[in-house]
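Each remark here refers to the structure printed beneath this line.
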Ligand SMILES: Cc1cc2nc3c(=O)[nH]c(=O)nc-3n(C[C@H](O)[C@H](O)[C@H](O)COP(=O)(O)O)c2cc1C
């Protein structure tokens, strides 16, 4: 069955390792016959959530920026892959801001079910992404139709584009996308 898959890449640097891995997941998901959309947060205007909670009444955010279009893509996807660099052993601030700004979805019917995380970090420990994974799991738990479906821990990559020569990570990313 063809699935609608949304990929949200949150690194803002050029030659981003997490973005390289996210594109490899895109390739895998596309090869498997899915409809895949890749969104890059670079250059997007996404303000911090101001916590007014008016979205819980109006189902819309009072802030006027690029999230209005992006939130619809999250809501209507079957699966979402988030990609983030590890910053201070957490997800990037850009991704956290994106997740917070999805708050209008909290009191709505949503389609997205499987949620994945792709990370990149200098640290090659298998635990380098633990806190980022836990953070995303917390978000997923707030959406009852949704489940955390898996993570790729892209450890041992630091310089821009270094993930491009890591065949092991590229293979895992491709498979993550292909197996959705
Ligand atoms: C502000 C900042 C904080 C970082 N913190 C960590 C960290 O806690 N652990 C780690 O292993 N790497 C850390 N790094 C390195 C990045 O995770 C690493 O370079 C990664 O490959 C960047 O991914 P990107 O190219 O997709 O942006 C940090 C980098 C920056 C800029």
Can you tell me which residue within the range 104-145, out of those that are under 14 Å from the mean Cα position of the chain (by Cα) and in a loop (DSSP other than H, G, I, E, B), is surrounded by the fewest Cβ atoms within 10 Å (Cβ to Cβ)? 113
Just to verify a result, which residue in the range 75-96, among those that are over 24 Å from residue 179 (Cα atoms) and in a strand (DSSP E or B), is farthest from the ligand (Cβ to nearest atom)? 90
Which numbered condition residue 37 fails, given (1) away from the ligand (no atom under 16 Å from the Cβ); (2) touching a strand residue (DSSP E or B) at 6+ places or on another chain (Cβ under 7 Å); (3) part of a helix (DSSP H, G or I): (3)
Residue count, the range 11-33 (criterion: more than 8 Å from the ligand (Cβ to nearest atom) and assigned to a loop (DSSP other than H, G, I, E, B)): 3
If we keep just the residues of the range 151-171 that are buried (at least 17 other Cβ atoms within 10 Å of the Cβ) and free of Cβ contacts under 8 Å to residues at least 40 places away in the same chain, which is farthest from residue 11 (Cα to Cα)? 166
Per-region count, the range 61-89, residues in contact (Cβ under 8 Å) with a residue 12 or more places away in the chain and surrounded by 15 or more Cβ atoms within 10 Å (Cβ to Cβ): 19
Kindly check whether there is at least one residue in the range 135-143 that is touching a strand residue (DSSP E or B) at 6+ places or on another chain (Cβ under 8 Å), modelled with pLDDT of 95 or more and within 15 Å of the ligand (Cβ to nearest atom). yes
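The values are calculated or read from the model by the stated rules, or taken from the named source; none is laboratory data. Note that the structure is predicted; figures quoted are calculated from it, not measured. In this analysis, Cβ positions are derived from the backbone assuming ideal geometry, glycine residues included, and neighbour counts consider all displayed protein chains.
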